[in-house]
Amino acid sequence: AVVSTQSTGDMADGFEDLPAEQSKAKLAELLPRVDTDSDGEVTYAELEAWITLQTMEFVRRDTTTAFPKDDPNSDGKVTWDEYVVSTFGESYVDLKEDMDYYSYVVRDKARYDMADVNKDGGLDFEEFTAFLHPEEFPHMAEAVVDDTLEDMDEDGDGKVSLLEYLGDFIDEDDEQEKDWIEQEKESFKSDKDKDGDGYLNREELAAWIIPLEKNFSGEEAASLIEKADTNKDGILSYQEVIENYSVFVGSQATDYGRLLHEEL
């Protein structure tokens, strides 16, 4: 997930100190939960389903932590003003357009209204979960596109140029980054910029972002299999997973290492 979640590196921080043998032992304990048909191997479908489960568990833990703070009167609903006061420190009516963070308030308001499915003026736990993590809920797809456009559109012209698409990577000197930049330039021109005008408009951005968000678990599963599938048979044996434990410690499959620190 892209929006409102930490980067892989940030989430993996703090778990890298686990000794190799302990990581391997914890993975061995975890694997039977991933291997749902108990045949001693992990398929793409099993790994994708497991990653989806871990993603949603992370999302719900995050909401469980945030909800009491944003629902100070404990009535089971987060009103818009409760959220604004909790997040920005001032009531909505007191905010001014010249404030540095006003654009974020406007963006959050649009996302809040979209999450308020029953339009009762308050978000219950499920609605608040969709508000915090719109990338995980199909009915919030437009909010994901809005957030992505605002994040990438640095000059505010309502579209994303090639330079804006490449972002900070355009200044990197690393040879691997240069290769990545060339690949992304080609992808931008041949796949994403459908009308060939040199920009991604809102529709083109949606065509790229929404399928990407929908298939995050599948992409992660495929990447893990590619890295750990030593005999290249398309599935992972327990031995392959354990031998390539470092690949999994920094992945969503172990919640970026968190599961290896817990009693299973």
Practice task
Compute the acute angle (0 to 90°) between the alpha-carbon long axis of helix 175-187 and the principal axis of greatest extent of the alpha-carbon atoms of the chain; round to the nearest 10°.
Solution key: 60
Handout entry: In nm, spacing of pseudo-spin labels at Val85 and Arg107 (7 Å Cα→C-beta vector)
Key = 2.5
Exercise for the section: Would you indicate which of (1) 38, 24, 19; (2) 35, 29, 22; (3) 35, 27, 17 is the value of semi-axes √(5λ) of the Cα gyration tensor in Å derived from the coordinates of this structure? Expected result: (3)
Completion exercise
From the Cα centre of the range 225-246 to that of the range 56-103, the distance in Å is 43
Exercise for the section: Give me the number: length gained by fully extending Ala28 to Val117, i.e. 0.36 nm times residue separation minus the C-alpha to C-alpha distance, one decimal in nm. Expected result: 27.8 nm
Completion exercise
Helix 20-34 sits off the longest principal axis of the Cα atoms of the chain, rounded to the nearest 10 on a 0 to 90 degree scale, by 80
Problem - the range 34-117: GluC sites (Glu not before Pro) falling in loop per DSSP and having at most 15 other Cβ within 10 Å - result: Glu90, Glu97
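Once R0 is set to 30 Å, what does the formula 1/(1 + (r/R0)^6) return for the Cβ-Cβ distance between Arg61 and Glu41, expressed as a FRET efficiency to the nearest 0.05?
0.55
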Practice task
Putting +1 on Lys and Arg Cβ atoms and -1 on Asp and Glu Cβ atoms, find which of His139, Ile209, Met99 reaches farthest to the positive end of the dipole of the range 59-215.
Solution key: His139
Practice task
Round to the nearest 0.05 the FRET efficiency obtained for Glu154 and Glu226 when R0 = 30 Å and r is the Cβ-Cβ distance.
Solution key: 0.35
Problem - Using alpha-carbon coordinates, inclination of helix 102-115 to the longest axis of the chain, degrees - result: 70
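Any read-out appearing in this document is the output of simple, stated calculations on the displayed coordinates, not a laboratory observation. Since the model is a prediction, treat every value here as computed from it, not as a measurement. Every residue, glycine as well, gets a Cβ built from its backbone with ideal geometry; the counts of neighbours run over all protein chains shown.
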